[in-house]
Amino acid sequence: MDLSTKYAGLQLRNPLIVSSSKITGSVANIKKCADMGSGAIVLKSVFEEQILDAIQEQFSKDDMYFWFPEAEEHVKSLSTGQGVQPYLNLIKESKSAVDIPVIASVNCIGGDLWVDFAGRIEEAGADAIELNIAVVPYDENMDGNTVEDVYRRIVKSVVDTVGIPVIVKLGFYFSNIVKMSKTIQDAGAGGLVVFNRFYRPDIDTGSLEIVNHNYLSSPGELTIPLRWVGLLSGRLDIDISASTGIHSPDDVVKQLLAGAVTTQFCSTLYKNGIEQIAKMKDGLESWMDGKGFDKIDDFRGKVGSDTLQKAAFERIQYLERTLL
Ligand SMILES: Cc1cc2nc3c(=O)[nH]c(=O)nc-3n(C[C@H](O)[C@H](O)[C@H](O)COP(=O)(O)O)c2cc1C
């Protein structure tokens, strides 16, 4: 059976990608993911704050940077190199350990500093770069267009800097996800991850403190990305990778039927072990076998492509009284 898939210009042996998390922060785990059959892995993100922290630390050590601002530029390039060297090593070591695509990941909050760093990611041998962009607009005077322009600018500057494919991972807090996705496509990205699952703080009513104990997704969370994969895949040319709530082979099948080019997951690996990748792959194959499909393109986008089914993805209110 042929599971091969082309995603953002990369040739993958199957559409099962291990998404960015602590799991993909070590070469031993990455090797295990490849051995269990994953099509590609996305490395744990390097955070823009990590790069900035390294710089800040240098500044705080010496007043000289206040009096001699030209020294600041020097320290910036120095710290950028120092703060992120372990990440560049992770790329190099992963690349020599596995023969599936290794996608590096940068968590961007809006600054420009790491754009140069994107070039170093490419030099280190990453096959593609995933931008995990999370601009949280706290400023009540910042309008939606301004926020969206930050995304456009980030994508454009990285696309102009590197020759490898650029993939963008989005959250779903936009007033018009289709327009935002089109903007990202027009800025030159080859792939779009729909969606990231952001940190979800909760409150412990005993200790009166903020806690984070729901850091893994549950299967029910699949439906929001499923809707948007269905709505985006017929409209845009960019390759869509489904993310959040994919826990079983059936979830993979659903996202491919809705039009996803690849699927990404990590919560199910935290819950069931990295071995779960082999179960996802076997389950996908046996479903295809049962339906008589030989390759992914035989059924990708099959649900949601006609007008009636598309309308079902678009509908947001319940119509049937019996459902209420
Ligand atoms: C422990 C943990 C760490 C994560 N770290 C990152 C990260 O560094 N960068 C990133 O883009 N996403 C990160 N994510 C988000 C995942 O890549 C993924 O998009 C999200 O968890 C939804 O997929 P899931 O339902 O399979 O968990 C992390 C998720 C978890 C659970």
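General observations
- Qualifying residue in the stretch 260-267 (condition: at pLDDT 95 or above, assigned to a helix (DSSP H, G or I) and surrounded by 14 or more Cβ atoms within 10 Å (Cβ to Cβ)): yes
- Scan of the stretch 110-149 for residues that are at pLDDT below 85, open to solvent by less than 30 Å² (accessible area, probe 1.4 Å) and over 15 Å from A189 (Cα atoms), ordered by number: G110, G111, W114, F117, A134, V135
- Meets criteria (among the hydrophobic types (A, V, I, L, M, F, W, C) and without any contact (Cβ under 8 Å) to a residue 24 or more places away in the chain) for A260: no
- The stretch 268-278, subset within 16 Å of the ligand (Cβ to nearest atom) and in a helix (DSSP H, G or I), residue most open to solvent (accessible area, probe 1.4 Å): K271
- Leading residue by the ranking (farthest from V102 (Cα to Cα)) among those in the stretch 113-149 that are outside any strand (DSSP E or B) and within 16 Å of the ligand (Cβ to nearest atom): V136
- Selection count, the stretch 215-232, where residues are under 16 Å from T262 (Cα atoms), of a type in the set (A, V, I, L, M), without any contact (Cβ under 8 Å) to a residue 60 or more places away in the chain and more than 9 Å from the ligand (Cβ to nearest atom): 3
- Sole exception among (1) open to solvent by less than 20 Å² (accessible area, probe 1.4 Å); (2) more than 21 Å from F117 (Cα to Cα) for K169, by number: (2)
- Of residues in the stretch 239-248 being in contact with a helix residue (DSSP H, G or I) (Cβ under 6 Å, 6 or more places away or on another chain) and open to solvent by 10 Å² or more (accessible area, probe 1.4 Å), the one farthest from the ligand (Cβ to nearest atom): H247
- Looking only at the stretch 208-219, and only at residues there that are under 30 Å from D251 (Cα atoms) and assigned to a loop (DSSP other than H, G, I, E, B), the one that is most open to solvent (accessible area, probe 1.4 Å): Y215
- Residue ranges of helices (runs of 4 or more DSSP H) in the stretch 1-98 with at least 3 members at pLDDT 85 or above: 27-35, 70-97
- Which numbered condition D186 misses (of (1) open to solvent by less than 60 Å² (accessible area, probe 1.4 Å); (2) modelled with pLDDT of 95 or more): (1)
- The residue that is farthest from the chain's Cα centre (by Cα), among those in the stretch 190-209 that are modelled with pLDDT of 90 or more and hydrophobic (A, V, I, L, M, F, W, C), is L208.
- Tabulated pairs, the stretch 195-207, first in contact (Cβ under 8 Å) with a residue 24 or more places away in the chain and assigned to a loop (DSSP other than H, G, I, E, B), second within 9 Å of the ligand (Cβ to nearest atom) and polar (S, T, N, Q), C-beta under 8 angstrom, 6+ apart or interchain: F195/S243; F195/T244; N196/N132; N196/S243; N196/T244; R197/S217; R197/S243; R197/T244
- Those residues of the stretch 21-50 which are open to solvent by 20 Å² or more (accessible area, probe 1.4 Å) and either within 10 Å of the ligand (Cβ to nearest atom) or β-branched (V, I, T) (or both), in sequence order: K22, G25, V27, K44, F47
- Screening R152 with (1) of a type outside the set (A, V, I, L, M, F, W, C); (2) part of a helix (DSSP H, G or I); (3) loosely packed, with under 11 Cβ neighbours inside 10 Å gives one miss only, at (3).
- Being part of a helix (DSSP H, G or I) and surrounded by 21 or more Cβ atoms within 10 Å (Cβ to Cβ) is a description that applies to Q255.
- Filter pass, E285 being at pLDDT 95 or above, surrounded by 10 or more Cβ atoms within 10 Å (Cβ to Cβ) and in contact with a Leu (Cβ under 8 Å, 6 or more places away or on another chain): yes
The values are calculated or read from the model by the stated rules, or taken from the named source; none is laboratory data. Please read these numbers as outputs of a predicted model, since none were measured by experiment. Neighbour counts are summed over all protein chains in view; Cβ atoms, including those assigned to glycine, are modelled from backbone coordinates with ideal geometry. Only protein heavy atoms, including side chains, enter the accessible area calculation; ligands, DNA and RNA are left aside. Shrake-Rupley method; radii C 1.70, N 1.55, O 1.52, S 1.80 Å.
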